[in-house]
Amino acid sequence: MRSSRVRGVLPLVLLSLASQGLEVARADDAAAEQKPATLDVQVRVRMNYLLALPKDYDKQEKWPLLLFLHGSGERGTDLNLVKKHGPPKLIAAGKEFPFIVVSPQCPDEMQWEPTELVALLDDLAKRYKVDPDRVCVTGLSMGGFGTWRLAAYAPQRFAAIAPVCGGGEIYWARRIAPIPVWAFHGAKDVGVPLARSQSMIDALVKEKATPKLTVYPEAGHDSWTETYNNPQFYEWLLEQRRKPAKG
C-alpha cells in the first residue's frame, strides 16, 4: 500500500517541477527582452572663474576669447590662487590683453572636465561679445592635460590650443588634427616628462597636421613662465581662426 502511494505522488512531483521549470524559463525570456529608454536630465554646473575684459571692450562687436586652465596647485575655492601663474598673474600685475581672458578654478581633488568647460564656454558666449571663430585654450601641467582633453572632446570649438607641460592620449590626435597646436615643455621636466608632449606632437604629424613644439633645454617643470611672458605667443593666438566644419 505504501509503495502504491509513492508511485502515485511521484508523477505529481515531477509534473510540479516541470511546471516550475517552465515558469523559470518564461521569466528568463522576459528578462532577456530589451526596451528602449531615455535619460533626460539637466546637469547643474557651478564654477568660479576670473574674467578680464579688454580695455576697449565696448568699441568692438566681438572679441577673441582665451581660456586658461591652471595646474593642480591652484585648485580649491580661493580664486586668488588662480593668479599664481599664467595670464591671470600677468593681468593682476597690470598687463592688458586684446582677449576676453577667462580663468576658471578647478575644485580640490578634481581634474578638468570637458563637459563642464564647454558649459562655461556656452554661458560666456551668451553673456559676452565672444567671437566664436577665435576661441583658444591654453593651460599648464594639469591644465595642459586639460587642454588636450578639451580639444579632443570638442575640437569644433577652438581656433587653436596651446598646452604647456601637459599630455594626452595619442588616439585623440585624429580629432585634434584640424586645430592649430603650439605645445611647450621643459627638457628637464621630471614631473611631466617631455615625452608626454612629444608623443602627442608625433601622433598629430602622423595625421598630416603641422603642430609646433617648443622645448626649453634647461627648463624643468616650469615651462610656463617663459611661455606666457613671450609676446609672440599671444600674437600667434590672435592670428588663428576656427576652420569651417566640413559639410
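The values are calculated or read from the model by the stated rules, or taken from the named source; none is laboratory data. All values derive from a computational prediction rather than experimental measurement. Cβ placement follows ideal geometry from the backbone for every residue including glycine, while neighbour counts extend to all protein chains displayed.
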- request: Out of T214, T210, report the one residue that is farther than 21 Å from L140 by Cβ and of a type outside the set (D, E).
  value: T210
query: Given the structure, is D133 touching a Gly at 6+ places or on another chain (Cβ under 9 Å), at pLDDT 95 or above and either not in a loop (DSSP other than H, G, I, E, B) or not aromatic (F, W, Y) (or both)?
result: no
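The rows are residues; the columns are (1) among the small types (G, A, S); (2) under 22 Å from the mean Cα position of the chain (by Cα); (3) in the same structural domain as K84 (by TED's automatic domain parsing).
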| position | (1), (2), (3) |
| --- | --- |
| A154 | yes, yes, yes |
| A162 | yes, yes, yes |
| A173 | yes, yes, yes |
| I179 | no, yes, yes |
| K188 | no, no, yes |
| S197 | yes, yes, yes |
| D202 | no, yes, yes |
| H221 | no, yes, yes |
- line: Result of the Cβ filter at 8 Å on region 226-243, keeping first residues that are farther than 12 Å from T214 by Cβ and partners that are assigned to a helix (DSSP H, G or I) and among the aliphatic types (A, V, I, L, M), at least 6 apart or interchain, is Y228/L90; N229/L90
task: Could you give me the residue pairs with C-beta distances under 9 Å whose first residue belongs to region 22-44 and is exposed (fewer than 10 other Cβ atoms within 10 Å of the Cβ), whose second residue is at pLDDT 80 or above wherever it lies, and which are 6+ apart or on separate chains?
output: V43/T115; V43/E116; V43/A119
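Would you pick out the residues in region 136-172 that are part of a loop (DSSP other than H, G, I, E, B) and free of Cβ contacts under 8 Å to residues at least 40 places away in the same chain? Write out each step before concluding.
Our first condition is that a residue be part of a loop (DSSP other than H, G, I, E, B); within region 136-172, this holds for 141, 154, 158-159, 165-169.
Once the filter is applied, which keeps residues that are part of a loop (DSSP other than H, G, I, E, B) and free of Cβ contacts under 8 Å to residues at least 40 places away in the same chain, region 136-172 yields G166, G167, G168, E169.
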message: With the requirement that a residue be crowded, with 19+ Cβ neighbours inside 10 Å, assigned to a helix (DSSP H, G or I) and in contact with a helix residue (DSSP H, G or I) (Cβ under 6 Å, 6 or more places away or on another chain), what does region 173-198 give you?
response: A173, I176
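Quick one: count up the residues across region 55-71 that are buried (at least 17 other Cβ atoms within 10 Å of the Cβ) and not aliphatic (A, V, I, L, M).
Pass one, region 55-71, residues buried (at least 17 other Cβ atoms within 10 Å of the Cβ): 63-71.
Next cut, not aliphatic (A, V, I, L, M) only: 63-64, 68, 70-71.
Looking only at that region, the number is 5.
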